[in-house]
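Below is one structure; the comments refer to it alone.
The values are calculated or read from the model by the stated rules, or taken from the named source; none is laboratory data. Predicted model, so just to flag it, every value in this text is computed and none were measured. For neighbour counting, all protein chains shown are included, and Cβ atoms are generated from backbone atoms with ideal geometry for every residue, glycine included. Note: areas computed on protein heavy atoms with side chains; ligands, DNA, RNA excluded. Shrake-Rupley method; radii C 1.70, N 1.55, O 1.52, S 1.80 Å.
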Amino acid sequence: AALVRISDLHKSYGITPVLRGVDLEVRQGEVTCVIGPSGSGKSTLLRCVNHLEKINAGEVEVDGELIGYRRRRGRLHELKDRAITRQRAAIGMVSQNFNLFPHLTVLENVIEAPMGVLGLGRAEAVARATELVARVGLAGRESSYPRQLSGGQQQRIAIARALAMEPKLMLFDEPTSALDPELVGEVLAVMADLAEAGMTMVVVTHEMAFARQVADTVVFLDEGRVVESGPPGELLVAP
Ligand code: ADP
Ligand code: ADP
């Protein structure tokens, strides 16, 4: 079944159209890599899926729910903030720049959201966070501060933090493009493990080897339109 269903999505900034009728489906448990030139709308597409941007036309549906709207008697009604917060809590997002809280330890960074948003008790949140820190290969670093970690380690913690919310869907916006080249592999390895474990993922990336090995579907975006999509074996040339 499709976990994400995007149909005829249009998004403009002012009068500038950025997404011009995007159709996309992501099935449960599958990885979709979105590839395209700078400015083609990749980041905007992700931002529309988790309601960081309002869309102008079309529909974005995650797990059977329209993002930002509900349908009643055939008409669309905007959701209230609380309902939008609930929808967004089920969608994990990892961006280029880690965005960890610098004054919080690794463990505190990971437990903050599940305690604040999910209302999880501290003991349970700590247990969940400790397990996730280990899962991204950083057991023992729970008390470190972000500045004491490499960029690759910080990004792995950002992934753990997103996972702490037990999301249905993970969105990655060029997760390795701000990293020194020698740190890219460790982050991609964590993402590959996550894919292997069955997480549904949409990944904007320039890492073609990752797309070829991990993606079920590759989508090429150009000037706000999907110009090609299919299995990586058919669309990406081996090196
Ligand atoms: P990509 O991720 O493919 O590089 P983006 O989605 O970031 O593309 O941007 C697509 C286009 O939309 C670019 O021309 C960018 O400058 C523009 N854009 C992105 N965000 C905004 C915004 N908040 N306001 C105005 N223009 C924006
Ligand atoms: P990203 O890493 O997502 O591509 P950007 O550096 O393009 O981030 O954008 C950072 C912020 O600035 C985002 O909130 C985006 O919406 C906004 N933005 C991007 N391009 C423009 C633009 N041309 N005009 C106004 N805001 C923009």
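When the accessible area of the chain is split by element with a 1.4 Å probe, what percent falls to carbon and sulfur? List each step's numbers first, then the result.
Working: 5570 of 11740 Å².
Whole-percent figure for carbon plus sulfur exposure: 47.
Quick one: what are the phi-derived ³J(HN,Hα) couplings along region 49-59, Karplus 6.51/-1.76/1.60 with θ = phi - 60°, whole Hz, x for glycine and proline?
Going residue by residue, I get 5, 9, 6, 7, 10, 8, 8, 8, 6, x, 9 Hz, with x marking Gly and Pro.
Run the helix sum for the chain: -39,500 (n - 2.57) per DSSP H stretch of 4+ residues, divided by residue count, reported at 222 nm to the nearest 500 deg cm²/dmol.
-10000 deg cm²/dmol
Can you work out the accessible area per residue across the chain, with the rest of the protein chains kept in place, probe 1.4 Å, in square angstrom?
On the way: 11740 Å² over 239 residues.
Per-residue value: 49 Å².
Taking the alpha-carbon distance from residue 80 and a cut-off under 19 Å, which lysines remain once sequence neighbours fewer than 8 residues away in the same chain are dropped?
Candidates past the 8-residue exclusion: 54.
Which of the listed residues, 119, 179, 140, is farthest toward the dipole's positive end in region 66-201, when Lys, Arg count +1 and Asp, Glu count -1 at the beta-carbon?
Positive-end residue among those listed: 119.
Mind putting together the pair-distance distribution for the chain? All Cα pairs, 10 Å bins, whole percent per bin, short to long.
8, 31, 35, 21, 5, 0
When all alpha-carbon pairs of region 69-190 are counted, what percent fall beyond 22 Å?
Working: 2761 of 7381 pairs.
Taking all Cα-Cα pairs of region 69-190, the fraction more than 22 Å apart is 37 percent.
What is the antiparallel percent of DSSP beta bridges lying wholly in the chain, to the nearest 5?
Numbers: 25 of 42 bridges.
Just about 60 percent of them are antiparallel.
Taking every pair of alpha-carbon atoms in region 125-228, what share in percent sits in each 5 Å bin, from 0 to the bin with the longest distance?
Values per bin, smallest distances first: 2, 11, 22, 23, 19, 12, 6, 3, 2, 0.
Quick one: net charge around residue 111, please, counting Lys, Arg +1 and Asp, Glu -1 for every other residue with C-beta under 14 Å from its C-beta. It would help to have the intermediate numbers written out before the result.
On the way: positive: 122, 128, 161; negative: 108, 112, 124, 131, 142, 166.
Surrounding charge for residue 111 is -3.
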